[in-house]
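Notes follow the structure.
The values are calculated or read from the model by the stated rules, or taken from the named source; none is laboratory data. Please read all numbers here as calculations on a predicted model, not as lab measurements. Neighbour counts run over all protein chains shown; Cβ positions are idealised from the backbone, glycine included.
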Amino acid sequence: MDFLSGFAIVVILLVIFALVVVFMGVTVVPQGSQFTVERFGRYTRSLAPGLGLILPFVDRIGARLNMMEQVLDIPTQEVITRDNAMVEVDGVLFYQVLDAAKAAYEVRDLERAVQNLAQTNLRTVLGSMDLDNALSNRDDINVRLLHVIDQASTPWGIKVTRVEIKDITPPVDLVEAMARQMKAEREKRAVVLEAEGFRQAEILKAEGEKKSAILEAEGRREAAYRDAEARERLAQAEAKATLDVSEAIAKGDMQSINYFVAQKYVEAMKEIGSARNSKVVLMPMEASALIGSLGGIGSIAKEVFGNNNTGGSSGTRSTGSVPSSE
């Protein structure tokens, strides 16, 4: 019985030992991670997510690496730009482990190494730029930092996917100077725009006056042309009437010349009689004799003078005077 009880104890111990060995040889790797396996201190392989087996007492788990994309803050630091402006800069970096063995054995303290690499290159990139360029060209800074840091960290088995500058903070006095500069620039633009508007208004005003003067000159030219045309037609009519009278006289018709002279005489009398300031009309004896000798012209003259006399006290009087012979 003692022998059986001792054998049972040994079996139980062996079972327990076997369970412990099996437990030590089974490793569960979570999703998004990889474990490195070391045999007697030397790297042999990497365990993918899931159930992994190793040889107990021979193999052991070396490094447990996160294979997901990770975020690393770049601490705030002071940087001197090319134009000797002191600014405070911070940022953020995104990276992902692609090779677990390199990330575990090619560099010690991967996060600290990447952080220091980002800080030094940030100082280098900003130090080669003016302050204005640094403030306005963040995309260019991000691209340059990404290229440099990714190339430098490739031997570590990681991939830098993105680098972003969060804040670039100039000194307070420099910010105030920039604000004054911006204000002066805006005032300059306002003055320039106002002057440009005034110049444009003057140009438009001058063009309007020019067009108005052209139209006015064209109007005067047209009016003068029409007046000249009217005078020309009147002269043609006068010439035609004179020609007709001349032809009638040449044929021996004295009534035509009498009618022509009487018509001109009556028109002149009408103009004299219609004047507002005409009170008395003095006519020579030759004119009265001429009127009497022209047949029907006398009655026309009497009708003209009679019409003017109907106007009340302002009627005209006809008196004949004998011219004195010298």
Problem - Index of the failed condition, ILE165 passing every other in (1) free of Cβ contacts under 8 Å to residues at least 24 places away in the same chain; (2) surrounded by 15 or more Cβ atoms within 10 Å (Cβ to Cβ); (3) not polar (S, T, N, Q) - result: (1)
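Taking the conditions exactly as written (in a strand (DSSP E or B) and of a type outside the set (A, V, I, L, M)), does ARG186 satisfy them or not?
Working: in a strand (DSSP E or B): no; of a type outside the set (A, V, I, L, M): yes.
No; evaluated as a whole, the condition is false for this residue.
Mind counting the residues in the stretch 50-86 that are under 26 Å from GLY157 (Cα atoms) and among the aliphatic types (A, V, I, L, M)? Let's see the steps before the verdict.
Step one: of the stretch 50-86, the residues under 26 Å from GLY157 (Cα atoms) are 50-54, 59-75.
Now drop any that are not among the aliphatic types (A, V, I, L, M), which leaves 51, 53-54, 61, 63, 65, 67-68, 71-72, 74.
Residues in the stretch 50-86 being under 26 Å from GLY157 (Cα atoms) and among the aliphatic types (A, V, I, L, M): 11 in total.
When you scan the stretch 76-91, do you find a residue that is farther than 30 Å from ASN137 by Cβ and not basic (Lys, Arg), even just one? Give the derivation first.
Initial filter on the stretch 76-91 (farther than 30 Å from ASN137 by Cβ): none.
There is no residue in the stretch 76-91 that is farther than 30 Å from ASN137 by Cβ and not basic (Lys, Arg).
Residue by residue, here is whether (1) in a strand (DSSP E or B); (2) surrounded by fewer than 16 Cβ atoms within 10 Å (Cβ to Cβ) holds:
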residue: LEU19; (1), (2): no, yes
residue: PHE23; (1), (2): no, yes
residue: GLN34; (1), (2): yes, no
residue: GLU38; (1), (2): yes, no
residue: THR44; (1), (2): yes, yes
residue: GLY52; (1), (2): yes, no
residue: PHE57; (1), (2): no, yes
residue: GLY62; (1), (2): yes, no
residue: VAL79; (1), (2): yes, no
Completion exercise
Residues of the stretch 155-177 being touching a helix residue (DSSP H, G or I) at 6+ places or on another chain (Cβ under 9 Å) and farther than 15 Å from VAL125 by Cα, in sequence order, are PRO155, TRP156, GLY157, ILE158, LYS159, VAL160, THR161, ARG162, THR169, PRO170, LEU174
Handout entry: Meets criteria (closer than 28 Å to GLN31 by Cβ, of a type in the set (Asp, Glu) and at pLDDT below 90) for ASP109
Key = yes
Problem - Residue within the stretch 205-218 that is under 34 Å from the mean Cα position of the chain (by Cα), farther than 30 Å from ASP90 by Cα and among the β-branched types (Val, Ile, Thr) present - result: no
Exercise for the section: Scan (1) modelled with pLDDT of 90 or more; (2) assigned to a helix (DSSP H, G or I) for the single condition PRO75 breaks and write down its number. Expected result: (2)
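Given the residues ASN116, ASN133, ASN84, ASN142, which is the only one that is without any contact (Cβ under 8 Å) to a residue 24 or more places away in the chain, in a loop (DSSP other than H, G, I, E, B) and not hydrophobic (A, V, I, L, M, F, W, C)? Before you say what the answer is, go through the steps one by one.
Working: ASN116 fails: in a loop (DSSP other than H, G, I, E, B); ASN133 fails: in a loop (DSSP other than H, G, I, E, B); ASN142 fails: in a loop (DSSP other than H, G, I, E, B).
Unique residue meeting the criteria: ASN84.
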Completion exercise
Counting only residues in the stretch 145-160 that are of a type in the set (Gly, Ala, Ser) and part of a helix (DSSP H, G or I), the one farthest from ASP83 (Cα to Cα) is identified as SER153
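Collect the residues in the stretch 81-99 that are buried (at least 16 other Cβ atoms within 10 Å of the Cβ), touching a strand residue (DSSP E or B) at 6+ places or on another chain (Cβ under 7 Å) and not acidic (Asp, Glu), keeping them in residue-number order.
Going residue by residue through the stretch 81-99, those that are buried (at least 16 other Cβ atoms within 10 Å of the Cβ) are 81, 85, 87, 89-91, 93, 95, 97, 99.
From what's left, touching a strand residue (DSSP E or B) at 6+ places or on another chain (Cβ under 7 Å): 81, 87, 89-91, 93, 95, 97.
Within the stretch 81-99, THR81, VAL87, VAL89, GLY91, LEU93, TYR95, VAL97 meet the criteria.
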